[in-house]
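Worksheet: one structure, shown below.
The values are calculated or read from the model by the stated rules, or taken from the named source; none is laboratory data. Values in this document were obtained by computation on a predicted structure and should not be read as measured data. So basically every Cβ, Gly included, is an ideal-geometry build from the backbone, and we count neighbours across all protein chains shown. Side chains included, ligands, DNA and RNA excluded: accessible areas come from the protein's heavy atoms. Shrake-Rupley method; radii C 1.70, N 1.55, O 1.52, S 1.80 Å.
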Amino acid sequence: MINQVTLVGRLTKEPTLRYTMEGRAVLNVTIALNRTFKNAQGEYDADFVLCTLWGKTAENTSKFCKKGSLIGITGRIQTRNYENQDGKRVYVTEVLAESVKFMDKKPTEEKAF
């Protein structure tokens, strides 16, 4: 079976790094992906995809990216479910990132003369 996805989009909010009880870094981000076709109003819609990053990938993304940063993610689709506080079953589909590429240009330093 093949379960592989590649996405290129922009972060929808500032990344907030967390650590599990075991000390593993984890970062949940949502990236906006523009569709390649226009809707009935002549505008481009976007999809918003939840992605989970672990370890050094999570730490580096948190350190070097911000809201609006263009990133590429390669990973796999994962589904899970849990029971919320109200006792209702919640289903989640997300991309579990295996690699992340920072696609924005690095800021250039202005040299003083």
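Note on THR30 and THR12: the model spin-label points, each 7 Å out from Cα along the C-beta direction, lie 0.3 nm apart. Mean sequence separation of contacting Cα pairs (under 8 Å, at least six apart), scaled by the length of the chain, corresponds to a relative contact order of 28 percent. For the stretch 50-58, backbone phi angles converted through the Karplus equation (6.51, -1.76, 1.60; θ = phi - 60°) give residue-by-residue couplings of 7, 10, 10, 10, 10, x, 4, 4, 5 Hz, Gly and Pro being listed as x. Based on the Cβ-Cβ distance of GLU59 and PHE37, what FRET efficiency does E = 1/(1 + (r/R0)^6) give at R0 = 35 Å, to the nearest 0.05? Here the calculated transfer efficiency is 0.45. Rg ratio for the chain: its Cα radius of gyration over 2.2 N^0.38 Å, N being its residue count, equals 1.27. In this view, the solvent-accessible surface of LYS67, computed with a 1.4 Å probe and all protein chains in place, comes to about 120 Å².
Specify the residue with the greatest mean-square fluctuation among ALA32, ALA46, ALA97, computed from a Gaussian network of the chain linking alpha-carbon atoms under 10 Å apart. Checking each option, the largest mean-square fluctuation is seen for ALA46. For GLU98, the amide hydrogen comes within under 5 Å of the amide hydrogens of THR74, GLY75, ARG76, counting only partners 5 or more places away or on other chains and with H modelled in the peptide plane. Within the listed set GLY42, GLY75, GLY23, the residue fluctuating most in the Gaussian network model of the chain (springs between alpha-carbon atoms under 10 angstrom) is GLY42. Between amide H atoms placed 1.01 Å from N, distances below 5 Å from SER69 occur with LEU11, all of them 5 or more places distant or on a separate chain.
GNM remark for the chain: springs join alpha carbons under 10 Å apart, and the peak mean-square fluctuation among GLU83, GLU59, GLU43 falls on GLU83. DSSP bridge analysis restricted to the chain gives an antiparallel fraction near 95%, rounded to the nearest 5.
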